[in-house]
Structures are given as C-alpha cells and as structure tokens.
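Structure provided below as structure tokens; questions to follow.
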Amino acid sequence: MAADEAWDVIVVGAGNAALCAALSAAEQGAKVLVLEKASVEERGGNSLFTAGGFRFCHDGVEDLRQDILDDMTEGEYDSIGNLPSLPREKFLEDLMRVTEDQADEDLANILIGQSRDAMRWMRKHKVRFIPMFGRQSFKIDGKHHFYGGVNIEAVGGGFGLVDMLLDAAARMGITVRYEAALRELIEDRTGRVTGVRVKGPGGYEEISGKAVILACGGFQANPEMRVRYFGAGWELCRVRGTRHNTGDGINAALAIGAQPFGGWSTCHAVQWDISAPPFGDRVILDNFQKHSYPIGIVVNMNGERFIDEGADYRNHTYAKYGREVMKQPQRAAVQIFDAKTIDMVRDEYRIREVTKAQADTIEELAQKLDIDVEGLRKTISEFNAACQPGEYNPSILDGVGTNGITPPKSNWALPIDKPPYTGFVVTCGITFTFGGLKINTDAQVLDLVDKPIPGLYAAGELVGGLFYQNYPGGTGLLNGTVFGRLAGKNAGQSVAA
Ligand SMILES: Cc1cc2nc3c(=O)[nH]c(=O)nc-3n(C[C@H](O)[C@H](O)[C@H](O)COP(=O)(O)OP(=O)(O)OC[C@H]3O[C@@H](n4cnc5c(N)ncnc54)[C@H](O)[C@@H]3O)c2cc1C
C-alpha cells in the first residue's frame, strides 16, 4: 500500500473495540483501514484472552432467544433453571456501587442504554453467543442457575469473538494491517487530526485519514507507566493479556493536548496463578485466574486473611482483589478449600498448570506451601468459630456469614474443617488500566478545556471515566462494543458529510 493512500477512517488497534469501530464506520460507507501493532499470530489484543463474556440489559432467557441466543439448541434451553434478567436500573446500580459512585454518568448511560442494541448489532454481524454454562452458573437439581449479571459469552470465547469480528470486517471490505504500530498522531495547522505516523518492519511511514479512532488499549503492559501511576512493586505483577497494550494511543493523544480522565491510580487486577508467565498465554488464556475464592478463604504467607471473600458475587469483587494481593508479603496469597467445597471450584482450578498442594491437616498444608504454620492454624480456628449457621447457597447472596472477626466473610462462610485441605497459590495479574482519555457522548476525544479534537475519536480500554477502584465483570467487552460502534458511526458520518 502506498504511504500516501488516503483513507476515510483509520482505526488504531484490532481488538474488540477497534473492530466494532471499523465495522460501524464501514456501515456509513467509509473506506476503513485498521492498523494493528501485533503480528497476525499475536492478533486480538486483550479481547482474545477473554472468556468472551458480555454484561448487557435483557429480560431473561425467553427474551434472549429472540435475537441473541437464536441458535441455542432445545437441549441447552431445557438445561436452564434460571437465567435472571438484567434491568437497566440494576446494571447502573451495580456499576455505581462497585465504582464507589465515580463512574461518569453520561458514559454509563450510553453504555447501559445501548447495551442490548449493541449485542443485537453484533449478532447481525454474525457474532454467535451462548449462555456461560461452565463459569457463571451453579447446577441445582440438574439445572443451571445463572448469577452475577454476566451470563452470555461469544461462541469460542475471546478467540471466537475476535475471529468472528475479523470475518465480519473482511465481509465489509475493511483492510487490516498487522505490525503497524501507532507512534504519533498527525495534525494540520488548524489542529485537526489528519493521519498517523506508524512504525512497522520497514520503518516509519505516515498514513493519511480523514478521521482517526484510537482503540489500542490501556497501559497495563508498560511497567514504567504502572510504577509511575500505581507505585513501587507494580513492575512485578503479571500481565494477564496482550503484551502490546503499552499506552501508545493514550500517550500519542496526550502529546497533542488530549485530556487525561478516569481512574489513573487504579486498575483491574485479579488473583492469578503465581507460576503464570509475565504476559498472557494464548493456550491457557484466562485459566490462570482463580475465581472461586468466594466459597473458600484467602490468606497471605503469614496465614492471615485480608479480604472479605464473600463480600459480593465474584463478578463484583474479583477485579479489585488482585490489588489486595499485591499489598501482601511476597505479593502472594493462598486460596484454601476443604472437601466440602473443592468439587465446586471453577474449571480453571483443574488445569495442569496450577500451583497447589493438598494435605490432611492444616499444619501440613501450611508446611507444603510455606505459609506460617501457627498463623494459619490460628486464622482457621478463629474463622471456623466465627461461622454462623444458615442455608448455604452459592448461587445467591446467602447471608451465611461470620461474626466477630476482621475481615468478615459476609456470604458463603462454611468452616474449613473437612480434610483434605487444598491450597492454590496466587499473585496479582493485571487485566487493564482504568485511566485514559476523555471522550464526549459522541466518542470524540476532548482537549484540556473539554473541546473535541477535530478528527479524533476513541473507544475501549484507553478511554477513562467508566471504571474506578473496581469494575463489574463483563463490562470491558461491552464498553468496547458500545463505544467502538458509536465512534465508528460518528467518524464514518463525519467523513461522509
Ligand atoms: C484474561 C482476560 C480475561 C478477560 N475476560 C473478560 C470477559 O470475559 N469479559 C469482558 O468484558 N472483559 C474481559 N476482559 C477485559 C477485556 O479484555 C478488555 O476490557 C477488552 O478486551 C478491551 O478491548 P479493547 O479493544 O479496548 O482492547 P484490546 O482488545 O486489547 O485491543 C487493543 C489492540 O490495540 C493494539 N495496539 C496496542 N498498541 C498499538 C499501537 N501503538 N498501534 C496499533 N495497535 C496497537 C493491541 O495489539 C491490541 O490488539 C478480560 C481481559 C483479560 C486480559
């Protein structure tokens, strides 16, 4: 391709947000170029590493069968005991609660208000969905009872999602170029963005476009930025997904006067197997996560508990608990289950690549895992004594909690007293960063005085303002889809005009 070929819309990145933006711009008749830093073998960004789970408003399984789960089999349908609806008010309430009321209301209203339509739109582009039978339901009397608001995933998970979106992009005539990394945004003398400077295997090149959409991820894979914004020690966390999201789009936009916005001092980070490699593994994918802690307990290497494992559904706590592990000695923790709960842990605990030990006594388990023996014995005996009676039910907030210990366990508190005991060793795995660029309700990037930078749009991880402190599971992909679609539509319309 000639360096001076003119494009209507240049989309930077080729993850979920970018591909949705590209599809939406192409729907407006725009000639679209997608630039991706990774090679084709490493394609897909963070989106590829996901379970493909989406949180969006719907009225339950009958409603979903109309146009989202339209190819679900009768057998699958019959196996569902309960798949709760997600009303708009509930989604908003959850988002506001977990972000401590910090989420930008305008962005939140767009995200939630357009969520159902965005899913329908993806389906029209032949993205297929199924209920998350394996991970977001408990079987009661042989039927799946779903919980926690994220119940639908793309067929084939993140891999499937990216492949289906790339197929859709090919059908829409969109050009995708790999190994083309954004370095700078080019402006004309009026301050309008007119193209990008990219670096590829052949060196630098400038590419012109009438509008540019940044969708190239956060800065979680940049250790220097992590330490700068989160503090000492953060160079040592594991990165759960792509190694390519190093803040390039954010930095290029800040360099031309874009406004930083959102939760810059915090991030989405989870409990992640301590033996996991530095970046995401394209075979294991998200299976290094260990997300059954609500039905167990979590201790540090001194044997002390430090979080309320049952504060809420996993989907509303997992994204902040990685940061709590980061604060512990050796940035490590151990999740402990006894024989009553071990069979209920999620499938990610059953992979070969897991750092665990099993023992018939608590003392032996502590020795095997290098936990302080006396500390663990004391913690478990106090925990067991604090557990209150009640009707245990892991698919609802059952209120079966502890009394008189700190931190409490607010739900699903069963004594750890039936051997064998199993411990899984975790550290902190960062998922994505919350701080990013400020956009308006048209997905235009704003400057330092809240004016749109002409020709520049943004979507996905690199936009700030929706997430602070914590995040409701399944909202990252939805965020990319809703705002990518919006950015693409507006960018496409602006160049067609
Ligand atoms: C293990 C894991 C599991 C997850 N599970 C879920 C889930 O089930 N549901 C959910 O909603 N969210 C999940 N998330 C979060 C979700 O992945 C992100 O919120 C979402 O994928 C972000 O999409 P995006 O398009 O903004 O970024 P990405 O998908 O990361 O895409 C950004 C792209 O930009 C490219 N890029 C970077 N720099 C440049 C540059 N300079 N030039 C050109 N291209 C560049 C990258 O290579 C990448 O391909 C998960 C994340 C991880 C890591």
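Look at Gly134 and say whether it is in a loop (DSSP other than H, G, I, E, B), open to solvent by 10 Å² or more (accessible area, probe 1.4 Å) and modelled with pLDDT under 95. Walk me through how you get there before you give the answer.
Values: in a loop (DSSP other than H, G, I, E, B): yes; open to solvent by 10 Å² or more (accessible area, probe 1.4 Å): yes; modelled with pLDDT under 95: yes.
Against the criterion (in a loop (DSSP other than H, G, I, E, B), open to solvent by 10 Å² or more (accessible area, probe 1.4 Å) and modelled with pLDDT under 95), Gly134 qualifies.
Please verify whether Gly322 is at pLDDT 95 or above, within 15 Å of the ligand (Cβ to nearest atom) and either part of a helix (DSSP H, G or I) or on the phi > 0 side of the Ramachandran plot (or both), treating the condition exactly as stated.
In short, yes.
Further, regarding this structure: Report whether or not Leu456 is farther than 28 Å from Arg135 by Cα and either part of a loop (DSSP other than H, G, I, E, B) or under 29 Å from the mean Cα position of the chain (by Cα) (or both).
Criteria met by Leu456.
Would you point out which residue out of Thr99, Thr73 is among the hydroxyl-bearing types (Ser, Thr, Tyr) and without any contact (Cβ under 8 Å) to a residue 40 or more places away in the chain?
Result of the check over Thr99, Thr73: Thr73.
Within the range 5-14, can you find the residues that are in a loop (DSSP other than H, G, I, E, B), more than 17 Å from Glu205 (Cα to Cα) and not hydrophobic (A, V, I, L, M, F, W, C)?
The answer is none; no residue qualifies.
Quick one: in the range 216-244, of everything that is surrounded by fewer than 24 Cβ atoms within 10 Å (Cβ to Cβ) and hydrophobic (A, V, I, L, M, F, W, C), which residue is farthest from the ligand (Cβ to nearest atom)?
Ala232
Something else: May I ask you to list the residues in the range 44-54 that are assigned to a loop (DSSP other than H, G, I, E, B), touching a strand residue (DSSP E or B) at 6+ places or on another chain (Cβ under 7 Å) and either over 16 Å from Phe432 (Cβ atoms) or open to solvent by less than 20 Å² (accessible area, probe 1.4 Å) (or both)?
Passing the criteria: only Gly52.
Restricting attention to the range 340-388, and to residues there that are β-branched (Val, Ile, Thr) and under 25 Å from the mean Cα position of the chain (by Cα), which single residue is farthest from Phe138 (Cα to Cα)?
Thr355
Kindly indicate whether Phe337 is over 29 Å from Gly53 (Cα atoms), modelled with pLDDT of 95 or more and either of a type in the set (Phe, Trp, Tyr) or under 26 Å from the mean Cα position of the chain (by Cα) (or both).
Answer is no for this residue.
Looking at the range 56-69, can you tell me whether even one residue there is within 19 Å of the chain's Cα centre (by Cα), in a loop (DSSP other than H, G, I, E, B) and of a type outside the set (S, T, N, Q)?
Step one: of the range 56-69, the residues within 19 Å of the chain's Cα centre (by Cα) are 56-57.
Restricting the remaining residues to those that are in a loop (DSSP other than H, G, I, E, B) gives 56-57.
Okay, now just the ones that are also of a type outside the set (S, T, N, Q), so 56-57.
For the range 56-69, residues within 19 Å of the chain's Cα centre (by Cα), in a loop (DSSP other than H, G, I, E, B) and of a type outside the set (S, T, N, Q): present.
Exactly one condition in (1) assigned to a helix (DSSP H, G or I); (2) touching a Pro at 6+ places or on another chain (Cβ under 6 Å); (3) crowded, with 21+ Cβ neighbours inside 10 Å is not met by Gly310; state its number.
For Gly310, the exception is condition (1).
Consider Pro472 against the criteria (1) surrounded by 24 or more Cβ atoms within 10 Å (Cβ to Cβ); (2) more than 9 Å from the ligand (Cβ to nearest atom); (3) not in a loop (DSSP other than H, G, I, E, B): it satisfies all of them except one. Which criterion is unmet?
Among (1) surrounded by 24 or more Cβ atoms within 10 Å (Cβ to Cβ); (2) more than 9 Å from the ligand (Cβ to nearest atom); (3) not in a loop (DSSP other than H, G, I, E, B), Pro472 violates only (3).
Residues in the range 44-79 that are farther than 26 Å from Gln493 by Cβ and more than 9 Å from the ligand (Cβ to nearest atom): how many?
Let us first name the residues in the range 44-79 that are farther than 26 Å from Gln493 by Cβ, namely 44, 46, 48-53, 55, 58-66, 68-79.
Within this subset, residues satisfying the condition of being more than 9 Å from the ligand (Cβ to nearest atom) are 58-66, 68-79.
Of the residues in that region, 21 qualify.
Could you tell me which of the residues Glu100, Glu62, Glu76, Glu93 is open to solvent by 40 Å² or more (accessible area, probe 1.4 Å) and over 28 Å from Ile140 (Cα atoms)?
Glu100
Residues to consider are Ala170, Ala211; find the one that is surrounded by 23 or more Cβ atoms within 10 Å (Cβ to Cβ), more than 15 Å from the ligand (Cβ to nearest atom) and not in a loop (DSSP other than H, G, I, E, B).
Ala211
Among the listed residues Gly429, Gly465, Gly435, which satisfies the condition of being surrounded by fewer than 24 Cβ atoms within 10 Å (Cβ to Cβ), within 16 Å of the ligand (Cβ to nearest atom) and outside any helix (DSSP H, G or I)?
Numbers: Gly429 fails: surrounded by fewer than 24 Cβ atoms within 10 Å (Cβ to Cβ); Gly435 fails: surrounded by fewer than 24 Cβ atoms within 10 Å (Cβ to Cβ).
Within the list Gly429, Gly465, Gly435, the selection yields Gly465.
Now for a different question. Restricting attention to the range 15-43, and to residues there that are near the ligand (Cβ under 6 Å from one of its atoms) and assigned to a loop (DSSP other than H, G, I, E, B), which single residue is nearest to Thr481 (Cα to Cα)?
Checking each candidate, the answer is Gly15.
So, one more: Give the number of residues within the range 275-307 that are open to solvent by less than 10 Å² (accessible area, probe 1.4 Å), within 15 Å of the ligand (Cβ to nearest atom) and of a type in the set (A, V, I, L, M).
Going through the range 275-307 one residue at a time, the tally reaches 1.
Within the set of pairs 6+ apart or on separate chains, which have a first residue in the range 4-26 that is farther than 17 Å from Ile186 by Cα, a second that is of a type in the set (S, T, N, Q) and part of a helix (DSSP H, G or I), and C-beta atoms under 8 Å apart?
From residues that are farther than 17 Å from Ile186 by Cα, the pairs are Gly15/Asn46; Gly15/Ser47; Asn16/Ser47; Asn16/Thr481; Ala17/Ser47; Ala17/Asn479; Ala17/Thr481; Cys20/Thr481.
The values are calculated or read from the model by the stated rules, or taken from the named source; none is laboratory data. From a predicted model like this one, the values you see are computed outputs, not experimental measurements. Virtual Cβ from ideal backbone geometry, glycine too; neighbours counted across all protein chains shown. All accessible areas refer to the heavy atoms of the entire protein, side chains included, with ligands and DNA or RNA removed. Shrake-Rupley method; radii C 1.70, N 1.55, O 1.52, S 1.80 Å.
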